[in-house]
1. Using heavy-atom solvent-accessible surface (probe 1.4 Å) with all chains present, what is the largest-first order of 159, 142, 152?
2. Take residue 68 and residue 2, extend 7 Å from each Cα along the Cα→Cβ direction, and tell me the distance between the two endpoints in nm.
3. According to a simple spin-label model (label point 7 Å from Cα along Cα-to-Cβ), what is the distance in nm between residue 159 and residue 52?
4. Going Cα to Cα from residue 8, which aspartates and glutamates come in below 14 Å? Please leave out same-chain ones fewer than 8 positions away.
5. Would you work out if segment 1-152 is rounded, prolate or oblate? Take a ≥ b ≥ c from the square roots of the eigenvalues of the alpha-carbon gyration tensor; rounded if a/c is under 1.5, else prolate when a/b is larger than b/c, oblate otherwise.
6. Taking a 1.4 Å probe, which of 118, 131 shows the most accessible area, and what order do the others take after it?
7. Tally up the carbon and sulfur contribution to the accessible surface of the chain as a whole percent, 1.4 Å probe, everything protein left in place.
8. If DNA, RNA and ligands are ignored and the probe is 1.4 Å, what is the ranking of 138, 57 by accessible area, most exposed first?
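The values are calculated or read from the model by the stated rules, or taken from the named source; none is laboratory data. Every value quoted in this text rests on a predicted model; they were computed, and no experiment measured them. Every residue, glycine as well, gets a Cβ built from its backbone with ideal geometry; the counts of neighbours run over all protein chains shown. Just so you know, the surface numbers come from the protein's heavy atoms only, side chains and all, with ligands and any DNA or RNA stripped out. Shrake-Rupley method; radii C 1.70, N 1.55, O 1.52, S 1.80 Å.
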Amino acid sequence: AKPIAGVKGTNSERTFIAIKPDGTQRGLVGKVITRFEERGYKLVGLKAIAPSKEMAEKHYDDLKARPFFGGLVKYISSGTPVIAMVWEGKDVIKQGRAMIGATNPLDASPGSIRGQYCISVGRNIIHGSDCFEAAEKEIGLWFGKAGELIEWTPANVEWVQSDN
Ligand code: GDP
Ligand code: MG
């Protein structure tokens with residue numbers, strides 16, 4: 001089987017994308033998924049999960065010293081579903097971050113997801129892994145069980161991807 005985050009720099013690179021509770025509450029799930037689908041990326045894992053406080057803390061453990069950490073954990077573990085996804089394709093980690101836009105939506109370009117749908121850093125609707133090591137950690141945390149990620153070939157692959 002393929003490594004959990006695929007192989008960095010190849011067509012099999014993977015990233016962890018999550019629609020946060022505000023994105024779910026606001027009915028933006030379909031719009032976010034559509035952007036990744038239409039760009040040409042492949043969905044290899046998807047589930048709705050209401051994360052525990054411990055899960056939220058693990059996901060954001062690099063931010064535990066920040067003053068907003070408590071509020072962030074409460075927001076993510078509110079009980080509203082987080083839509084956890086793994087997307088695969090060339091340069092998906094960096095491109096996913098660009099599609100999402102800056103952390104503070106007021107700095108995000110208007111064409112990005114945050115730039116189109118939000119105005120508050122504390123309610124910025126979506127998460128994306130910021131590097132390959134983060135993708136490995138996050139995919140492992142949210143999709144730990146074998147069989148949750150599916151290897152498949154989209155019918156349109158030759159019309160989306162050409163390697164020469
Ligand atoms: P991201 O990778 O763009 O999501 O940004 P970070 O990894 O720096 O922060 C993770 C998340 O913490 C952000 O997406 C926000 O939800 C939240 N966050 C970051 N900075 C702030 C802040 O200054 N205030 C609040 N309330 N939340 C923040
Ligand atoms: Mg981050």
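1. Numbers: 159 225, 142 10, 152 110 Å².
Solvent-accessible surface, decreasing: 159, 152, 142.
2. In this crude label model, residue 68 to residue 2 measures out at 3.3 nm.
3. 4.6
4. The reachable aspartates and glutamates, counting only those whose Cα sits under 14 Å from residue 8, are 88, 91, 130, 133, 136.
5. Working: a/c = 1.55, a/b = 1.21, b/c = 1.29.
Oblate.
6. Values: 118 10, 131 50 Å².
Largest accessible area first, the residues go 131, 118.
7. On the way: 4720 of 8750 Å².
Roughly 54 percent of what the probe reaches on the chain is carbon or sulfur.
8. Values: 138 15, 57 60 Å².
Order by accessible area, largest first: 57, 138.
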